[in-house]
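Participant: This is the structure I have questions about; it appears just below.
The values are calculated or read from the model by the stated rules, or taken from the named source; none is laboratory data. Not measured: the values here are computed from a predicted model. A quick note on method: Cβ atoms are made from the backbone with ideal geometry, for glycine too, and the neighbour counts reach across all protein chains shown. In case anyone asks, the SASA skips ligands and DNA or RNA and just uses the protein heavy atoms, side chains included. Shrake-Rupley method; radii C 1.70, N 1.55, O 1.52, S 1.80 Å.
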Amino acid sequence: MDWLELEKKYFMPVFKRFPVVLVGGKGPWVWDEQGRKYLDFLGGWAVNSLGHCHPAVVEALAKQAGELIHTSNQVYTIPQLELARLLVENSSLDQVFFCNGGAEANEGAVKLARKYGRLYRQGAYEVISALNSFHGRTLAMLAATGQVKFQEPFAPLPEGFLNVEYNNIEALKAATTRKTCAVLLEPIQGEGGVIIPGKDYFHQVREWCDKEGLLLILDEVQTGVGRTGTLFAYQQLGIEPDILTLAKGLGSGVPIGAILAKRRASVFSPGDHGSTFGGNPLVCSAAYATLRFILENRVLENVKWVGSYLRDKLMELKSEFGFIREVRGRGLLLAMEFEGEISEAVVQSCLHQGLLLNPVRPNAVRLMPPLIIGEAEVDQALGILQKVLTELQV
Ligand SMILES: *Cc1c(COP(=O)(O)O)cnc(C)c1O
């Protein structure tokens, strides 16, 4: 069967896919239909937090699938409530809502902020987000995503969003008006190229939000659930958000998103929001297993240790290859930036050598291996990367 032809014929052509058909995976490894193995530093776009088919997740899913898959939110189900408790007990937020992904979580967060504005800020509704951000593909989240290439083809976009320069407190202050109800930011701009703001930025943002009575929404869809070495990236910023959104790594591969809010920002009333699939027993059992595994098995320590090991080794590559401009990131969310627009070439060569990477920018690759990756696999990946960079150099 020619699967690539099938895709071309039957699937909307939106994805730039690798010419690879994956059929299996275990831990940080995946393999294709011809039996070729790859080290997965793409991680399903930072989704496969425990790697592929982790026994804790597989067991939880299998058990739950045999008991109760879906019910609707017209009734109570136990995995949903256990997961909600675990998230709240391990964060600085008080209440949770479950949905199906990142864009949907952010949409819900903006709805919360608008309701808050209506109740406490004379109908303020505007949300300020950052240029070069990424918040998802729905129409409203395209308006929040400060990148022209995503927005332009789909205008007109919903009103009530303003994009200002990231890491620039003055820009945020200048854009704030009596219509502003919230600020929506990523702790690290992931899709934007793993952009890390200055040390003071989030302190300044928090201070400004407090002074002006704005809600601070942190989009941790990519940085959350251990990716940066702490359960949430905000824990490294020394501030707390009013609203936090999660998705990608939360379920180790099952589609789940979450909105968490401080009590004062948790302003939905019955009927204000909802979801048919959101938080069903099946996905919540996988997320609960993922989170418990992370918390009970020193996974965050592993992210910190292996993350800094990988970073150090990438820095060594940087001193070896003059065309590597920068290595940046936190934990296991890392990027390597080049002098020229060579990331496609690097990624294609790595693919042929058995390493999956993401060309996050024309001049930068992003590395997002599973949180459980070990030093030996990192060494293997680095061996491939070094070989590829050497070949590119000549
Ligand atoms: C991926 C991502 C989203 C969108 O998530 P989807 O599940 O694809 O809707 C939103 N925000 C950030 C920061 C992301 O990285």
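Participant: Can you give the longest stretch of the chain with no exposed loop site, where a site means GluC sites (Glu not before Pro) in a DSSP loop (not H, G, I, E or B) with at most 12 other C-beta atoms within 10 Å? Write down the numbers at each step before the final one.
Facilitator: Values: sites that count: Glu33, Glu159, Glu339, Glu341.
For GluC sites (Glu not before Pro) (loop position, at most 12 other Cβ atoms within 10 Å), the longest site-free span of the chain is 160-338.
Participant: Follow-up question, since we're still on this one. So if we plug the beta-carbon distance of Trp208 and Gln235 into 1/(1 + (r/R0)^6) with R0 = 22 Å, what FRET efficiency do we get, rounded to 0.05?
Facilitator: Values: r = 20 Å, r/R0 = 0.93.
So the FRET efficiency works out to roughly 0.60.
Participant: Under unit Cβ charges (Lys, Arg +1; Asp, Glu -1), what dipole magnitude, rounded to 20 debye, does the chain have relative to its Cα centre?
Facilitator: The dipole of the chain has a size of about 680 debye.
Participant: Just list whichever of Lys115/Lys179; Lys248/Lys318; Lys16/Lys149; Lys149/Lys179 have alpha carbons separated by over 19 Å in the model shown.
Facilitator: Details: Lys115/Lys179 13 Å; Lys248/Lys318 29 Å; Lys16/Lys149 15 Å; Lys149/Lys179 27 Å.
Result: Lys248/Lys318; Lys149/Lys179 exceed 19 Å.
Participant: Provide the net charge surrounding Arg330, with neighbours chosen by a C-beta distance below 10 Å and charges set as Lys +1, Arg +1, Asp -1, Glu -1.
Facilitator: Working: positive: Arg227, Lys304, Arg311, Arg328; negative: none.
Every neighbour counted, the sum reads +4.
Participant: Net charge near Ala46, counting Lys/Arg +1 and Asp/Glu -1 over other residues with Cβ under 15 Å of its Cβ? Write down the numbers at each step before the final one.
Facilitator: Values: positive: Arg227, Lys248, Arg330, Arg366; negative: Asp40, Glu186, Glu191, Asp219, Glu220.
Local charge sum for Ala46: -1.
Participant: A follow-up question, please. State in Å² the accessible area per residue of segment 56-296; use a 1.4 Å probe, count heavy atoms of protein chains only, and round to the nearest integer. Write down the numbers at each step before the final one.
Facilitator: On the way: 10160 Å² over 241 residues.
Each residue of segment 56-296 exposes 42 Å² on average to a 1.4 Å probe.
Participant: Asp272: net charge of surrounding residues, Cβ under 9 Å, Lys/Arg +1, Asp/Glu -1, itself excluded?
Facilitator: Details: positive: Lys111, Lys115; negative: none.
Charge balance near Asp272 sits at +2.
Participant: Right, next: How much of Lys149 can a 1.4 Å solvent probe reach, expressed as accessible area in Å² and rounded to 10?
Facilitator: 130
Participant: Another question about this same structure. Quick one: grab the alpha carbon gyration tensor of segment 135-256, order the square roots of its eigenvalues as a ≥ b ≥ c, and give me rounded if a/c is under 1.5, else prolate or oblate depending on whether a/b is larger than b/c. Could you put the intermediate results ahead of the total?
Facilitator: Working: a/c = 1.69, a/b = 1.06, b/c = 1.59.
Here segment 135-256 falls in the oblate category.
Participant: So how far, in whole Å, is the C-alpha centre of segment 278-318 from the one of segment 41-106?
Facilitator: Here the two parts' Cα centres lie 15 Å apart.
Participant: Considering amide H positions built from the backbone, and no H for Pro or chain starts, which residues 5 or more places from His135, or on another chain, come under 5 Å of its amide H?
Facilitator: Long-range HN contacts for His135: Thr145.
Participant: Which whole-Hz couplings ³J(HN,Hα) result when phi for each residue of segment 101-115 is put into the Karplus expression 6.51 cos²θ - 1.76 cosθ + 1.60, θ = phi - 60°, listed in order with x for Gly and Pro?
Facilitator: x, x, 4, 5, 5, 5, 4, x, 5, 5, 4, 4, 5, 5, 5
Participant: Can you give the FRET efficiency to the nearest 0.05 for Ile196 and Arg263, using r as the Cβ-Cβ distance and R₀ = 30 Å? If you can, show how the numbers build up before the last one.
Facilitator: Values: r = 30 Å, r/R0 = 1.01.
E(calc), rounded to 0.05, equals 0.50.
Participant: Given H placed 1.01 Å from N in the peptide plane, which residues other than close sequence neighbours of Ala130 have an amide H under 5 Å from its amide H?
Facilitator: Those lying under 5 Å, H to H, from Ala130 are Gly146, Val164.
Participant: Is segment 201-315 rounded, prolate or oblate when judged by the Cα gyration tensor, a ≥ b ≥ c being the square roots of its eigenvalues, rounded requiring a/c under 1.5 and prolate requiring a/b larger than b/c? Before the final figure, lay out each step's value.
Facilitator: Working: a/c = 2.65, a/b = 1.15, b/c = 2.32.
Since a/c reaches 1.5 but b/c is at least a/b, the shape of segment 201-315 is classed as oblate.
Participant: So, one more: In whole Hz, with x marking every Gly and Pro, tabulate ³J(HN,Hα) for segment 77-93 from phi via Karplus 6.51 cos²θ - 1.76 cosθ + 1.60, θ = phi - 60°.
Facilitator: Values, residue by residue: 9, 6, x, 4, 6, 5, 5, 4, 4, 4, 5, 5, 5, 10, 9, 9, 10 Hz.
Participant: Only bridges with both residues in segment 56-296 count here: give the DSSP antiparallel percent, nearest 5.
Facilitator: 40
Participant: Here's another thing I want to ask about it. Cα axis of helix 343-353 to longest principal axis of the chain: angle in degrees, 0 to 90, nearest 10?
Facilitator: Value to nearest ten degrees: 50.
Participant: Residues of segment 323-353 with backbone nitrogen within less than 13 Å of a virtual label 7 Å along the Cα-to-Cβ line of Val21, please, listed as ranges.
Facilitator: Hits in segment 323-353 for Val21 at 13 Å: none.
Participant: While we're here: Sequence gap at least 6, Cα distance under 8 Å: using those rules, report the relative contact order of the chain to the nearest whole percent. Let's see the in-between values first.
Facilitator: On the way: 800 pairs, mean separation 87.7, N = 394.
This gives 22 percent for the chain.
Participant: Amide H neighbours of Gly24 under 5 Å, at least 5 residues apart or on other chains, H built in the peptide plane: list them.
Facilitator: Trp31
Participant: Another question, if that's okay. Please turn the phi angles of segment 196-211 into ³J(HN,Hα) values with the Karplus equation 6.51 cos²θ - 1.76 cosθ + 1.60 (θ = phi - 60°), one per residue in order, whole Hz, x for glycine and proline.
Facilitator: Values, residue by residue: 9, x, x, 3, 8, 3, 6, 4, 5, 5, 4, 4, 5, 4, 5, 5 Hz.
Participant: For segment 26-142, just say rounded, prolate or oblate: build the C-alpha gyration tensor, square-root its eigenvalues into a ≥ b ≥ c, call rounded for a/c under 1.5, and beyond that prolate if a/b exceeds b/c, oblate if not. Write out the running numbers ahead of the final one.
Facilitator: On the way: a/c = 2.64, a/b = 1.47, b/c = 1.79.
Oblate, since a/c reaches 1.5 and b/c is not below a/b.
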